[in-house]
Amino acid sequence: GKIYVFGGQTLYGGEDLDTVFSYDPDNDSWTELPSMPFQWAGMSVVALYNQMYLSGGSFSKMTQAYDPINGTWSAKANLSGERIDAGTVVVKGKIYAIGNCQFVEEYDPALDTWTEYCNDPDPSCHFGIVAIEDTIYLIGGQLGPVQRAVGYNPSAKELFYTNYQLYKCVN
């Protein structure tokens with residue numbers, strides 16, 4: 001029932017921050033929480049199984065889990081490469097990281113492993129990302145086409161575009 005904000009930068013290209021805040025919409029109030037044990041910006045965040053998973057960012061491969069109930073951090077398996085401004089989303093209990101540098105990776109929290117599946121032939125970052133049922137959609141973004149919608153089907157390990165031109169993952 002709260003919104004969490006992690007890290008960031010003082011200015012674009014400025015110093016990374018270690019700050020953590022939570023927002024309680026019921027009370028319309030912000031609370032500053034204990035700082036992260038590192039400075040971090042540009043990472044993506046998803047909630048899964050009562051933990052916040054932060055990954056990539058600041059040209060990092062790092063993944064960390066934050067337990068908001070206990071206020072504790074734990075290191076998790078690294079992404080396969082440095083990722084900044086990628087998007088993450090949860091589908092069927094797994095985390096999918098997609099975007100910058102042409103990648104799709106799946107994180108399995110039970111095994112604490114990332115698996116790289118395929119490359120996006122039109123890479124982008126700064127896009128909107130959402131999961132509807134079992135399909136992940138990326139909308140807009142930079143570096144790739146500005147007006148596009150890309151879907152990723154985790155079961156089939158395939159990317160597809162709204163014109164239904166299908167790109168099959170090779171890996």
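The values are calculated or read from the model by the stated rules, or taken from the named source; none is laboratory data. Everything numeric in this text was worked out from a predicted model, so none of it was measured. In this analysis, Cβ positions are derived from the backbone assuming ideal geometry, glycine residues included, and neighbour counts consider all displayed protein chains. Side chains are part of the model used for accessible areas, which takes the heavy atoms of the whole protein and leaves out ligands, DNA and RNA. Shrake-Rupley method; radii C 1.70, N 1.55, O 1.52, S 1.80 Å.
Quick rundown of the values:
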| quantity | calculated |
| --- | --- |
| Amide hydrogen neighbours beyond the local backbone of Ser60, cut-off 5 Å, H modeled | Arg83 |
| Under Karplus coefficients 6.51, -1.76 and 1.60, residue-wise ³J(HN,Hα) of the range 37-44 in Hz, glycine/proline x | x, 7, 8, 7, 8, x, 7, 9 |
| Under 5 Å, built H, 5+ apart or other chain: amide partners of Gly8 | Leu17, Trp40, Ala41, Gly42 |
| For the range 6-52, accessible area per residue (1.4 Å probe, heavy atoms of protein chains only), Å² | 62 |
| Ranked by how many other beta carbons lie within 10 Å on average, peptides 20-32, 58-70, 79-91, 4-16 from highest | 79-91, 58-70, 4-16, 20-32 |
| Added length on full extension, which subtracts the Cα-Cα distance from 0.36 nm per residue, Asp134 to Val45 | 30.1 nm |
| Residues with amide H under 5 Å from that of Leu33, placed H, sequence gap 5 or more | Val20, Phe21, Ser22 |
